[in-house]
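Take a look at the structure set out below.
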Amino acid sequence: MSANETVAKKNVLKGLWDNAGMLVVFIVMFCAISLFVPFFFTWRNMIGLALSVSMVGMVSCTMLFCLASGDFDLSVEAIVAFSGVTAAVLINLTGSIVIGVAGAILSGVLIGLINGFIIARLKINALITTYAMQQIIRGVGFIVSAGSAVGISNSRFFGLGSGNLLSIPIPVIITIIVFIMFGILLNKTTYGRNTLAIGGNKEAARLAGINVNRIKIVIFTLQGAMAAFAGVVLASRMTSGQPNTSTGFAMDCISACVLGGVSLSGGIGTILGTIVGVLIIGTVQNAMNLMNIPTFYQYVVRGLILLFAVLLDQLKQRKSV
Amino acid sequence: MQHYLKFQSVSKVFPGVKALDSISFEVNAGSVHGLLGENGAGKSTLLKILSGAYIPTSGEVEIDGKVRRFHGTKDAIDAGIAVIYQELNLVPDMTVEENLLLGHMPLRHGLIDKKTMTQVAREALASLSGEINPKSRIRTLSIGQRQLVEIAKALIRDAKVIAFDEPTSSLSDREVQKLFSVIKDLQGRGRAILYVSHRLEEVFQICDSITVFRDGRIVKSFDDMSALTNDILIRNMVGREIKDIYDYRERPHGERLLEVKDLTGPGLTAPASFEVSKGEILGFFGLVGAGRTELMKLVFGAEKPVQGTVSIAGKVMDASNIGSSIRNGLVLCPEDRKLEGIIPISSVSDNINLSVRRLFSRFGFFINRGKEAANTDKFIEKLSIKTPSSAQLLMNLSGGNQQKVILARWLSEDIRVIILDEPTRGIDVGTKSEIYQIMYSLAESGMCVVFVSSELPEILGVADRILVMRSGKIVGSLSRNEATEEKVLKLALPVSGNV
Ligand SMILES: Nc1ncnc2c1ncn2[C@@H]1O[C@H](COP(=O)(O)OP(=O)(O)OP(=O)(O)O)[C@@H](O)[C@H]1O
Ligand SMILES: [Mg+2]
């Protein structure tokens with residue numbers, strides 16, 4: 001009997017670990033840092049932390065869908081930079097914020113659409129396709145901006161990135177809304193469930209009448225749009241469109257997802273997990289900054305975290321075989 | 001005779017499920033011991049414990065008088081155990097010979113000795129079936145051929161204990177007989193053999209003793225096969241009497257509903273045409289590889305036809321558009337459960353509602369959890385799917401129960417024509433008879449049922465009319481009354497083959 005009880009106990013613990021393992025890791029880490037790092041647990045720093053993860057947060061939502069369907073997207077970082085430049089150039093050219101923002105987002109939609117089309121219809125590997133696209137778009141961004149930051153003349157545009165609502169920065173509020181939206185999409189719509197089904201078994205999904213190609217194209221298009229939007233917000237915060245910004249951003253989003261339990265081979269992912277992943281990455285970064293850890297060491301730590309995340313993914317998969 | 005293999009009160013607990021409860025029995029060297037029981041009774045779990053894939057919660061496995069504890073499959077292989085699983089474990093993009101010798105390839109000067117490899121592979125394959133080329137890739141082989149490769153792997157390792165988990169579910173009759181002669185041969189050489197199957201006639205043909213499982217416990221062990229009958233076995237397995245598992249019900253046929261005209265495409269060697277009327281159950285028989293599955297995929301629209309049309313009630317279907325087929329009430333329950341059916345890491349509920357949830361949803365977009373849950377519960381009950389909850393991941397269900405979930409997925413649909421490709425594969429006798437009853441009632445309510453099977457008795461027992469396929473074309477049509485085993489087989493066997 002007692003053997004049975006210990007088994008039952010073990011199973012409860014295992015279930016907790018599977019579902020909330022990273023949440024526990026995060027909470028412990030957060031408490032420890034609050035205790036030991038001065039100025040960490042202050043309103044000012046919390047707001048700063050939230051602001052610093054807002055872009056990764058937004059794009060992690062679409063990245064979650066991408067990974068959950070069994071694909072990758074490395075092009076987002078170039079889209080972020082390119083859409084910032086596009087917005088800056090268009091605003092300066094026309095004087096209209098609406099045209100600038102719309103043009104920038106449209107460019108993201110278009111790039112995502114092309115990604116999706118190549119991957120879904122032409123059946124080209126997503127990793128290669130989006131890596132190539134990253135290079136192309138990064139290049140085009142430099143060409144359009146002539147290689148340097150494009151300052152934005154219309155200061156009303158800066159409100160998007162630097163404004164506050166009830167003393168919470170607008171980008172943070174947007175990120176929260178995006179999380180809620182994509183949580184609903186993932187859990188409560190056929191689009192979300194079908195995305196997971198495609199990642200779980202593409203052929204079974206196809207034979208169940210799910211239009212796999214269309215869903216993939218939608219996933220990449222949304223991804224492009226979201227990255228472009230994040231790029232606009234960033235440009236607004238920096239008051240300029242910068243063609244060389246956000247290198248490594250795609251991998252940040254992917255690491256956040258994987259830390260949050262999204263499976264790299266598709267089919268598994270939750271929005272709550274992704275939020276936790278984003279917060280872990282942001283918190284570590286923030287704590288390192290507060291402790292004045294030199295950038296070189298920060299790279300090492302970030303790499304280690306990514307490795308840890310992938311290892312975790314591997315362990316989970318091995319268990320499920 | 002000595003007991004070579006012995007299970008000593010073996011138990012295995014999974015979250016929410018006691019899969020095995022204190023199992024004890026023994027198997028002699030040189031004998032074939034059958035394991036029978038309903039889907040989810042615990043047969044595969046026991047074999048996984050034997051193979052070292054699972055560690056028992058309590059209890060022991062004894063081999064040749066010694067208690068053995070396996071910490072992984074390698075330990076079991078080293079102890080001379082080979083388990084041939086229900087779900088095959090081959091690397092699809094490697095060749096047959098590479099798969100056969102994976103893990104212990106013959107080396108020369110540190111490099112793989114291809115010549116020896118080919119020779120070893122060829123010898124092992126020859127004793128099973130001469131048809132498989134050691135150089136072909138697994139991907140290009142039929143399920144039946146892949147199964148033979150798995151068996152050859154055990155032969156090469158010269159295992160002392162060989163366990164088969166439903167080995168014949170994808171084999172043709174001829175291959176089954178071949179397998180049996182291999183098993184008899186192994187038995188003669190003193191191997192202890194465990195044999196899991198849902199086909200009772202096989203068990204009578206090959207086993208010396210039998211253990212029947214139900215809900216993780218042993219119901220009864222039989223050492224004397226001569227006193228045993230089909231009915232006794234079924235009663236012990238299912239816990240109730242089943243007089244006639246087919247229990248055919250006659251019914252009138254209405255007007256023509258499905259019409260397939262001159263369909264050609266991959267896997268077919270001649271244009272295929274056939275019709276099915278409302279209320280009719282049309283059986284498709286053929287040997288493994290006769291082109292039945294390919295034809296069904298063309299009809300359903302999963303494969304692009306070169307030419308030809310499929311129409312329902314006179315309306316021509318959109319070629320190779322699965323979505324439109326389903327919306328028009330034409331569904332296919334696919335043959336290859338693992339590749340084409342299950343989403344292993346999703347829940348039972350998500351798997352059942354995969355396709356039909358669009359009908360439950362608002363604007364085809366916002367899913368309706370209530371309706372989905374109700375549908376799931378309905379089918380868990382109707383098909384007696386054994387699962388601790390509807391949220392259980394599908395990969396944790398037994399093979400037969402996974403098959404039931406896929407069936408439930410298609411029975412949930414608003415059907416006019418349902419194509420069932422080997423729907424009873426790996427399903428226990430009790431549920432089989434329930435599935436036949438479901439097929440009759442579908443037909444009675446005016447649907448067309450197209451029923452593909454490699455099991456001749458069930459085709460003869462259930463179908464109103466039988467079409468026979470051979471090497472990519474339809475070669476004959478027999479009504480229920482004229483169909484006999486001989487006639488059907490004569491059509492299905494290759495003309496030159498004298499078996
Ligand atoms: N990894 C697992 N996690 C949780 N439950 C499991 C797992 N593997 C098996 N089970 C459960 O254990 C029980 C026995 O399963 P098992 O696969 O041994 O049945 P079986 O007798 O082989 O059935 P079938 O005839 O359908 O193949 C089932 O109820 C199944 O749901
Ligand atoms: Mg089984």
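The values are calculated or read from the model by the stated rules, or taken from the named source; none is laboratory data. All values derive from a computational prediction rather than experimental measurement. Neighbour counts are summed over all protein chains in view; Cβ atoms, including those assigned to glycine, are modelled from backbone coordinates with ideal geometry. Surface areas here come from the heavy atoms of the whole protein model, side chains and all, with no ligands, DNA or RNA. Shrake-Rupley method; radii C 1.70, N 1.55, O 1.52, S 1.80 Å.
Round to the nearest 0.05 the FRET efficiency obtained for residue B:64 and residue A:125 when R0 = 56 Å and r is the Cβ-Cβ distance. Walk me through the intermediate numbers first.
Details: r = 51 Å, r/R0 = 0.90.
The pair residue B:64/residue A:125 has a calculated efficiency of 0.65.
Between region A:268-308 and region A:149-207, how far is it from one alpha carbon centroid to the other, in angstrom?
Each part reduced to its Cα centre gives a spacing of 20 Å.
What spacing in nm lies between the two simple spin-label points modelled at residue A:180 and residue B:244, each 7 Å away from Cα in the Cβ direction?
6.4
Considering the zone a paramagnetic label at residue B:184 would reach in this model (a point 7 Å from Cα along the Cα-to-Cβ line), which residues of region B:13-43 have amide N under 15 Å from it?
Only B:31-32 fall inside the zone, counting backbone N under 15 Å.
Take B:485, B:335 and sort them by solvent-accessible surface of the protein heavy atoms, 1.4 Å probe, largest at the top.
Details: B:485 95, B:335 40 Å².
Solvent-accessible surface, decreasing: B:485, B:335.
At residue A:47 and residue A:293, where each label point lies 7 Å from the Cα along Cα→Cβ, what is the point-to-point distance in nanometres?
With each label placed 7 Å out from Cα toward Cβ, I get 2.6 nm.
To the nearest 0.05, how large is the calculated FRET efficiency for residue B:126 and residue A:239 if R₀ is 51 Å and r is the Cβ-Cβ distance? Don't jump to the answer; show the numbers that get you there.
Values: r = 77 Å, r/R0 = 1.52.
Between residue B:126 and residue A:239 the formula returns 0.10.
Normalised by the number of residues in chain A, what is the relative contact order in percent for Cα pairs under 8 Å and 6+ residues apart?
Numbers: 507 pairs, mean separation 102.5, N = 321.
Over chain A, the number comes to 32 percent.
Could you size up the charge dipole of the protein assembly as shown around its Cα centre, putting +1 on the beta carbon of Lys and Arg and -1 on that of Asp and Glu, and report it in debye to the nearest 20?
1720
Can you give the mean number of other chain Cβ atoms that lie within 10 Å of the Cβ atoms in peptide B:12-19? Before the final figure, lay out each step's value.
Details: counts 1, 6, 2, 7, 2, 0, 1, 0.
Per residue, the average neighbour count from other chains is 2.
Using the Kirkwood radius built from alpha carbon pairs, what does the Stokes-Einstein equation give as D for the protein assembly as shown at 20 °C and 1.002 mPa s, in µm² per second? Each step should come with its number before you reach the end.
Details: Rh = 29.7 Å.
Answer, rounded: 72 µm²/s.
Please tell me the relative contact order of chain B in percent, rounded to the nearest whole number, where contacts are Cα pairs under 8 Å and at least six residues apart. List each step's numbers first, then the result.
Numbers: 1010 pairs, mean separation 78.5, N = 499.
Relative contact order of chain B: 16 percent.
Take chain B, mark every one of the chymotrypsin sites (Phe, Trp or Tyr not before Pro) that falls in a DSSP loop and has at most 13 other Cβ within 10 Å, then report the longest stretch left between them, sites excluded. Can you show the working numbers first?
On the way: sites that count: B:363, B:365.
The longest such stretch corresponds to B:1-362.
How big is the charge dipole of chain A about its Cα centre, in debye rounded to the nearest 20, if each Lys and Arg gets +1 on its Cβ and each Asp and Glu gets -1 on its Cβ? It would help to have the intermediate numbers written out before the result.
On the way: 19 positive and 8 negative charges, 101 e Å.
Roughly 480 debye, rounded to the nearest 20.
Taking 1 over the mean of 1/r across every pair of different Cα atoms in chain B, what Kirkwood radius in Å do you get?
On the way: mean 1/r = 0.0417 Å⁻¹.
The Cα-based Kirkwood calculation yields 24.0 Å.
Could you sort the residues of region B:321-355 by number and keep only those whose accessible area is reduced by 50 Å² or more in the all-protein-chain setting relative to the chain alone, 1.4 Å probe?
In region B:321-355, residues shielded by partner chains: B:322, B:340, B:343, B:345, B:354.
How many times 2.2 N^0.38 Å is the alpha carbon radius of gyration of region A:200-282?
Details: Rg = 15.9 Å, N = 83, 2.2 N^0.38 = 11.8 Å.
Dividing the Cα Rg of region A:200-282 by 2.2 N^0.38 Å gives 1.34.
So for chain A, taking the charge dipole from beta-carbon charges (+1 Lys/Arg, -1 Asp/Glu), which of A:139, A:290, A:162 sits furthest toward the positive end?
Projecting each Cα onto the dipole axis, the largest value belongs to A:139.
Please name which of B:313, B:285, B:334 has its Cα lying farthest along the dipole of chain B towards the positive end, using unit charges on Cβ (Lys, Arg +1; Asp, Glu -1) and the Cα centre as origin.
Projecting each Cα onto the dipole axis, the largest value belongs to B:334.
For chains B and A, what's the summed buried accessible area, probe 1.4 Å, to the nearest 100 square angstrom?
Values: alone 21520 and 15850 Å², together 35180 Å².
That pair of chains buries around 2200 Å² in total.
Between residue B:273 and residue B:320, what is the label-point separation in nm under the 7 Å Cα-to-beta-carbon projection?
Roughly 2.4 nm, to one decimal.
Given the alpha-carbon gyration tensor of region A:25-313, what are the semi-axes of its equivalent ellipsoid in whole angstrom, ordered largest first, with each equal to the square root of 5 times an eigenvalue? Numbers along the way, then the final one.
Values: eigenvalues 157, 135, 58 Å².
Over the Cα atoms of region A:25-313, the semi-axes work out to 28, 26, 17 Å.
Leaving out same-chain residues fewer than 8 places away, which aspartates and glutamates sit with a Cα under 17 Å from that of residue B:386?
The reachable aspartates and glutamates, counting only those whose Cα sits under 17 Å from residue B:386, are B:21, B:38, B:215, B:350, B:377, B:428, B:434.
So if I average 1/r over every pair of distinct C-alpha atoms in region B:256-492 and take the inverse, what Kirkwood radius in Å does that give? Intermediate results must be reported in sequence, preceding the final value.
On the way: mean 1/r = 0.0552 Å⁻¹.
For region B:256-492, inverting the mean 1/r across all distinct Cα pairs yields 18.1 Å.
If I take R0 = 30 Å and measure r between the Cβ atoms of residue B:384 and residue A:28 in this structure, what FRET efficiency does the formula 1/(1 + (r/R0)^6) give, to the nearest 0.05?
So the FRET efficiency works out to roughly 0.10.
Around residue B:132, what is the net charge, scoring Lys/Arg as +1 and Asp/Glu as -1 over all other residues with Cβ under 15 Å from its Cβ?
So the environment of residue B:132 carries a net charge of +2.
Note down the net charge around residue B:240, summing +1 for each Lys or Arg and -1 for each Asp or Glu among other residues with Cβ under 13 Å from its Cβ.
Values: positive: B:214, B:235, B:243; negative: B:38, B:231, B:241, B:428, B:434.
Net of charged neighbours comes to -2.
Can you list residues whose amide H is under 5 Å from residue B:476's amide H, if they're 5+ apart or on another chain and H is modeled 1.01 Å from N?
B:468
Keeping all protein chains in place and using 1.4 angstrom, which order do B:292, B:470 fall into by accessible surface area, from largest down?
Details: B:292 15, B:470 50 Å².
Largest accessible area first, the list is B:470, B:292.
If we count every other residue with Cβ under 10 angstrom of residue A:253's Cβ, Lys/Arg +1 and Asp/Glu -1, where does the sum land? Before the final figure, lay out each step's value.
Details: positive: none; negative: A:73, A:77, A:252.
Here the count lands on -3.
Once Rh for region B:3-238 is found with the Kirkwood sum over Cα pairs, what is the Stokes-Einstein diffusion coefficient at 4 °C and 1.567 mPa s, in µm²/s?
Details: Rh = 18.4 Å.
This corresponds to a translational diffusion coefficient of 71 µm²/s.
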